[in-house]
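A short write-up of the structure that comes next.
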Amino acid sequence: MPQLQSALAHYAILTAMLAPALLMAATASLLTSANARLARVVDRLRALMVSWEFDAPDATERQDQINRHRRRAHLVLRACQLLYGALGAFVGTSLGLAVDAFTGFRLGVIPTALAVLGVLFLLLASIVMGSEVSLSVSSFDLEMEQEMQRKRK
């Protein structure tokens, strides 16, 4: 009977460690998406920089576009930093649960606090990415409007 209880305790610990692992997978997926967005923003910035050098008549519009895309890049960077923080917190949670079990549950609220910190980082990253998406759409709308005005002339 003691062996069964010991085995059940180990399975309970492993089961508890799965929740942070699932959050790690979700965070990694969001990081992949955020990094792809960052790459697209950087590519767009590079294209704007080239066109800014050669299209002098609308240099002011190009400068505004460059500034908007720089803000976007900084927002995506901030989201990535928060997502990496979340990933670290979830890894810490999983390790904390294992260490806590091996040390006779002496860590107290540390694993739970790490999990809460990771979720807060995810929330903040979502808010920042939402801001970046809004800026992206408003920038696109403005660029389309400027292009339509050029075509009308």
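The values are calculated or read from the model by the stated rules, or taken from the named source; none is laboratory data. The shown structure was predicted, so the numbers you read here are calculated from the model rather than taken from an experiment. Counting neighbours? That spans all protein chains shown, and the Cβs are built from the backbone with ideal geometry, glycine included.
Structure summary
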read-out	value
Residue check, T112 more than 20 Å from the chain's Cα centre (by Cα) and at pLDDT 90 or above	yes
Checklist (1) surrounded by 12 or more Cβ atoms within 10 Å (Cβ to Cβ); (2) polar (S, T, N, Q); (3) over 19 Å from the mean Cα position of the chain (by Cα); (4) closer than 30 Å to I13 by Cα applied to T103, failing item	(1)
First in the range 1-24 and more than 17 Å from T103 (Cα to Cα) and at pLDDT 75 or above, second anywhere and of a type in the set (A, V, I, L, M) and surrounded by 11 or more Cβ atoms within 10 Å (Cβ to Cβ), Cβ under 7 Å, 6 or more apart	P20/A115; M24/L87; M24/V91
Qualifying residue in the range 52-72 (condition: within 22 Å of S33 (Cα to Cα), surrounded by fewer than 16 Cβ atoms within 10 Å (Cβ to Cβ) and under 21 Å from the mean Cα position of the chain (by Cα))	yes
So A28, is it at pLDDT 75 or above, touching a Leu at 6+ places or on another chain (Cβ under 9 Å) and either more than 30 Å from F121 (Cβ to Cβ) or in a helix (DSSP H, G or I) (or both)	yes
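Every residue, every condition in (1) over 28 Å from A47 (Cα atoms); (2) at pLDDT below 95, yes or no:
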site: C80; (1), (2): no, no
site: L87; (1), (2): yes, no
site: T93; (1), (2): yes, yes
site: L135; (1), (2): no, yes
site: D141; (1), (2): no, yes
site: M144; (1), (2): no, yes
